[in-house]
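Participant: Structure incoming, see below.
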Amino acid sequence: MSTAVQAPPAWDVAVDDAPVAISARGDLVAVAGAEGTVKVLDAALGAEIGALELPGGALRVELAPDARHLVATGPMGYALWRRTDGRTTVRESGAWSAAAAWAGPARMAVAVGRRALVLDADGGELWRTEPAASTVTDLAWLRQGRRLAVAAYGAVLGHERHTGQPVVTYPYVGSHLALAVAPTGKWICSGNQDASIHIWRTRDGSELTMSGYPEKVSRLAFDDTGFWLAADGAPDVTVWDFSGQGPAGTAPRSLRCHETVTALAWRPGAAGQLASGGADGTVALWHATAGRPQQLLRPARELEGNGSPVAALAWAGPHLLSVAWRDGRVRTYGVPSRTEL
């Protein structure tokens with residue numbers, strides 16, 4: 001049976017703009033609001049370090065791995081923030097910018113309409129992809145940042161550095177809502193509007209579809225080992241085993257706590273521990289790889305919520321979990337060690 005964490009949050013703040021996304025890197029946490037306000041906070045204390053405004057609203061926010069830069073994306077363009085002097089650069093492209101992904105501290109990709117732009121940390125364009133068939137919905141890097149995966153309707157496209165045309169195409173007819181790439185580079189997965197997860201093995205392009213979800217799959221996350229994939233699309237969080245030959249012919253573990261899953265985030269490291277949030281405001285911590293396939297798991301612990309839907313989760317290192325609720329509350333919890341959870 002799960003137990004509630006007794007210790008109070010490390011900090012608790014309120015933001016004026018309803019959160020839609022969160023990112024944590026190093027000693028910073030960044031929270032993006034629906035109307036385009038992005039707050040940059042000290043991960044340990046909650047004090048505001050910086051802020052920016054993205055006209056037209058925000059969809060995603062991503063801190064660089066070294067926490068020295070930030071990119072935020074939204075319906076009308078994207079914005080960049082630099083920690084050293086607080087400089088903010090706003091680029092209103094007028095095109096839907098759904099995603100951004102860092103290849104390292106000095107290079108990122110940003111979705112702008114049907115293209116992906118690859119930029120240096122200060123926003124200088126290095127190269128861009130040719131237009132995809134539709135608006136780019138998600139991005140991910142493979143091969144230590146040497147290949148960019150771009151999701152759009154009908155396919156995931158692979159681009160090498162400075163190649164506008166894709167060098168490989170992974171077709172699947174449908175709308176891709178989320179993209180996850182195993183840290184091993186072995187697997188590319190898309191969560192889809194048709195309530196499925198589609199999988200490609202990068203070595204040979206072989207494919208697998210996991211269908212039967214009751215709702216669209218819009219959140220996917222690999223753990224640091226690349227052996228476990230967590231997904232929404234059902235009242236239960238599903239966790240698939242990608243070790244060995246992958247999940248073909250297997251069943252997932254089912255993690256039951258929420259009425260509707262709204263956020264997923266693996267704890268850094270290789271302990272198989274996951275945080276999840278729900279539309280009912282609950283936040284759960286899991287030994288997500290315990291048990292057996294088709295066995296129903298319950299949380300190891302639940303964190304005290306506030307009744308508002310969870311908008312996003314992010315780990316600021318292995319012991320601090322930041323949670324943003326739609327009502328504007330943002331809390332960071334100190335989480336017990338892996339052996340004590």
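Participant: Does segment 1-146 come out rounded, prolate or oblate by the C-alpha gyration tensor, with a ≥ b ≥ c the root eigenvalues, rounded set by a/c under 1.5 and, if not, prolate when a/b is larger than b/c and oblate if not? Mind dumping the intermediate values first?
Facilitator: Working: a/c = 1.69, a/b = 1.65, b/c = 1.03.
Cα axes put segment 1-146 in the prolate bin.
Participant: Further question: In debye, nearest 20: dipole of segment 214-290 around its Cα centre with unit charges on the Cβ of K, R (+) and D, E (-)? Write down the numbers at each step before the final one.
Facilitator: Details: 5 positive and 8 negative charges, 14 e Å.
That gives a dipole near 60 debye.
Participant: Here's something else I'd like to know. What's the magnitude of the charge dipole for the chain around its Cα centre, counting Lys and Arg as +1 and Asp and Glu as -1 at the beta-carbon? Answer in Debye, nearest 20. Write out the running numbers ahead of the final one.
Facilitator: Details: 31 positive and 33 negative charges, 173 e Å.
Using only the charged Cβ atoms, the result is roughly 840 debye.
Participant: Another question, if that's okay. Along the charge dipole of segment 65-158, which of LEU80, LEU142, PRO65 sits closest to the positive end, that is, farthest toward it, with unit charges on the beta carbon of Lys, Arg, Asp and Glu (+1, +1, -1, -1)?
Facilitator: LEU142
Participant: Against the empirical 2.2 N^0.38 Å scaling, what ratio does the C-alpha Rg of segment 32-91 come to? Display every interim value, and only then the final one.
Facilitator: Details: Rg = 10.8 Å, N = 60, 2.2 N^0.38 = 10.4 Å.
Taking N as the residue count of segment 32-91, the ratio is 1.03.
Participant: Among ALA248, ALA265, ALA221, which residue has its Cα furthest toward the positive end of the charge dipole of segment 177-292, with +1 on Lys/Arg Cβ and -1 on Asp/Glu Cβ?
Facilitator: So the residue we want is ALA248.
Participant: Okay, next question. Of the listed peptides 211-218, 77-84, what is their order by residue-averaged count of other C-beta atoms within 10 Å, with the highest listed first?
Facilitator: On the way: 211-218: 14.9, 77-84: 20.1.
Order by mean packing, descending: 77-84, 211-218.
Participant: Follow-up question, since we're still on this one. Starting from the exponent 0.38 and prefactor 2.2 Å, build the expected Rg for segment 216-341 from its residue count and divide its actual Cα Rg by it.
Facilitator: Values: Rg = 13.7 Å, N = 126, 2.2 N^0.38 = 13.8 Å.
Ratio of Cα Rg to 2.2 N^0.38 Å: 0.99.
Participant: If you average the C-alpha positions of segment 162-221 and of segment 22-99 separately, how far apart do those two centres end up, in angstrom?
Facilitator: The distance from the Cα centre of segment 162-221 to that of segment 22-99 comes to 27 Å.
Participant: With θ set to phi - 60° and the Karplus curve 6.51 cos²θ - 1.76 cosθ + 1.60, what are the ³J(HN,Hα) couplings of segment 209-221 in order, to the nearest whole Hz, using x for Gly and Pro?
Facilitator: Going residue by residue, I get 10, 9, 10, x, 5, x, 9, 4, 9, 10, 9, 9, 8 Hz, with x marking Gly and Pro.
Participant: Provide the per-residue ³J(HN,Hα) series for segment 41-55, in order, calculated from phi with Karplus coefficients 6.51, -1.76, 1.60 and θ = phi - 60°, each as a whole number of Hz, with x at glycine and proline positions.
Facilitator: Each residue's phi maps through the Karplus curve to give 10, 5, 5, 8, 10, x, 5, 6, 9, x, 7, 8, 10, 10, x Hz.
Participant: Average projected area of the Cα convex hull of segment 201-254, in nm²? Could the numbers behind the result be given before it?
Facilitator: Details: hull surface 16.3 nm².
If I average the Cα hull's projected area over directions, I get 4.1 nm².
Participant: What do you get for Rg/Rh of segment 171-218 when both radii come from the Cα atoms and Rh is the Kirkwood radius? Please report the intermediate quantities before stating the final value.
Facilitator: Numbers: Rg = 10.4 Å, Rh = 10.8 Å.
Here Rg/Rh amounts to 0.97.
Participant: Considering the dipole of the chain built from charges on the beta carbon (Lys and Arg +1, Asp and Glu -1) around the Cα centre, which of GLY33, VAL237, HIS159 is farthest to its positive end?
Facilitator: Of the listed residues, the answer is HIS159.
Participant: Which order, highest average first, do 160-168, 294-302 follow once you tally other Cβ atoms within 10 Å for each residue and take the mean per peptide?
Facilitator: Values: 160-168: 12.9, 294-302: 16.1.
Final packing ranking: 294-302, 160-168.
Participant: Okay, moving on. Normalised by the empirical 2.2 N^0.38 Å for globular proteins, what value does the Cα Rg of the chain take?
Facilitator: On the way: Rg = 18.8 Å, N = 341, 2.2 N^0.38 = 20.2 Å.
Compared with the compact-globule rule of thumb, the chain sits at 0.93.
Participant: Quick check for me: using +1 on Lys/Arg Cβ and -1 on Asp/Glu Cβ, what's the dipole size of segment 1-121 about its Cα centre, in debye to the nearest 20? Mind dumping the intermediate values first?
Facilitator: Values: 11 positive and 13 negative charges, 115 e Å.
So the dipole magnitude of segment 1-121 works out to roughly 560 debye.
Since every read-out is calculated from the coordinates, none of them should be taken as a lab result. From a predicted model like this one, the values you see are computed outputs, not experimental measurements. Cβ atoms come from the backbone with ideal geometry, glycine included; neighbour counts cover every protein chain shown.
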